[in-house]
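Each remark here refers to the structure printed beneath this line.
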Ligand SMILES: Nc1nc2c(ncn2[C@@H]2O[C@H](COP(=O)(O)OP(=O)(O)O)[C@@H](O)[C@H]2O)c(=O)[nH]1
Ligand SMILES: [Mg+2]
């Protein structure tokens, strides 16, 4: 005899307008799940919700964090298909709460040292406003690549040299130390020379690059602004940890969290191909994000209620059917204004949201909006190899074709949105 599913009552949280009302809805859900004790909740959540925290949350003294809410929903036997109203209500409550926490001035940049505006590639000639006259600029940036295994992180780095070659601004890229120069040379030979993806390598150390270009700056001078051409050098340390280390079961997760805490910028890789098969983007995101939040909160303090990092969200492998065809389907692909065959994705944040919407990455989307400043997050549709040419016959409309002996990159390597996220970090 099969059991009837438990009655769940009317525990719809949608109308909750305070933390206490939300807690009351959770209590109802708990009731319909057979009233699991605080010990049981702590055990099911694998320590994410200690007894005292569960007590405070269910009494309405505090709002759970997003991952704690998920553990509670599991403890209360609410199927994942019914999580949406809980998450959107949580989102609404937590956003209004953090808004109330923000300092009244609210102006991010006033509280920070002077920052370079993003170095847009397309307006290479526009002078960069600078507070004082200088004869050169040296910037140091630490960037961490974050994404599940095989989401395209290392290929992204391998494509940097090719991306530089097609950039309108005259950049040069050199390795900052012997290992990094070797990586750059080998990866470029593989990708551009042989049209093949570099082998999956474990790179324990950061890759150091120097990106250099002449730029125009404009600075105040006796009541006017003066323009001067100077060399700009961006010294990058880029950490490319193995994807597995973003998972809570990995012994090196704490090291990765420490790296993220020290970073100026994060490039997050959303791999729609993997997500369609494994649905695990959230697994490689949430516990690392919780660890990062804890560390920043206790050691540096949040900035206006959120993390201080710049976050570039790259929808990676944008040339694949899983991304490219969906972008076409949503009307988000256009030719460049020059009328050339160059294609671009018009609205990468909409593309990310649409592809993520019915997968575990929808939680990633929620968390990004909740924990990072909107003005510090930007979305990119990225391909390390470039978009396929639409004119090609249907069987050739793929940029990468898989054979028994591995993938073949068709028609040369023209990376899309590889340099852009890095420059936007500055
Ligand atoms: N079609 C396509 N495949 C890619 C791209 N980047 C990576 N891949 C594939 O994904 C595999 C794993 O990429 P890799 O960069 O090593 O992933 P990582 O583990 O995140 O560093 C590669 O061997 C390629 O087969 C891309 O831009 N387009
Ligand atoms: Mg890798």
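FYI, it's all coordinate maths here, none of it is from the lab. Quick caveat, the model's predicted, so the values are computed rather than measured. Heads up, the Cβs are rebuilt from the backbone with ideal geometry, glycines too, and the neighbour counts pull from every protein chain shown.
With the highest mean first, a sort of the peptides 246-259, 214-227 on other beta-carbon atoms found within 10 angstrom per residue produces 246-259, 214-227. Relative to the longest principal axis of the Cα atoms of the chain, the long axis of helix 361-371 lies at roughly 90 degrees. Adding -39500 (n - 2.57) for every DSSP H run of four residues or longer, then dividing by how many residues the chain holds, sets the calculated 222 nm ellipticity at -9500 deg cm²/dmol.
The angle between the Cα long axis of helix 178-188 and the main principal axis of the chain comes to about 90°, on a 0 to 90 degree scale. Please say if segment 288-426 is rounded, prolate or oblate, where rounded means a/c under 1.5 for a ≥ b ≥ c the square roots of the C-alpha gyration tensor eigenvalues, and otherwise the choice is prolate for a/b larger than b/c and oblate otherwise? It comes out prolate by the Cα gyration axes. Helix 19-32 against the longest principal axis of the chain: what's the angle in degrees, Cα atoms only, rounded to the nearest 10? Value to nearest ten degrees: 60. From the largest down, the chain spans 69, 64, 41 angstrom on the principal axes of its Cα atoms. Protection proxy ranking, highest mean first, for peptides 174-181, 366-373, 150-157, 33-40: 150-157, 366-373, 174-181, 33-40, where packing is the per-residue count of other beta-carbon atoms within 10 Å, averaged. Based on C-alpha pairs under 8 angstrom that are at least 6 apart in sequence, the chain has a relative contact order of 16 percent.
Computed over the alpha carbons of segment 13-101, Rg followed by Dmax gives 12.0, 36 Å. Computing FRET efficiency as 1/(1 + (r/R0)^6) for residue 273 and residue 140, where r is the C-beta to C-beta distance and R0 is 35 Å, gives about 0.55. For the listed peptides 417-423, 261-267, 132-138, a ranking on the average number of other beta carbons within 10 Å per residue, highest first, reads 417-423, 261-267, 132-138.
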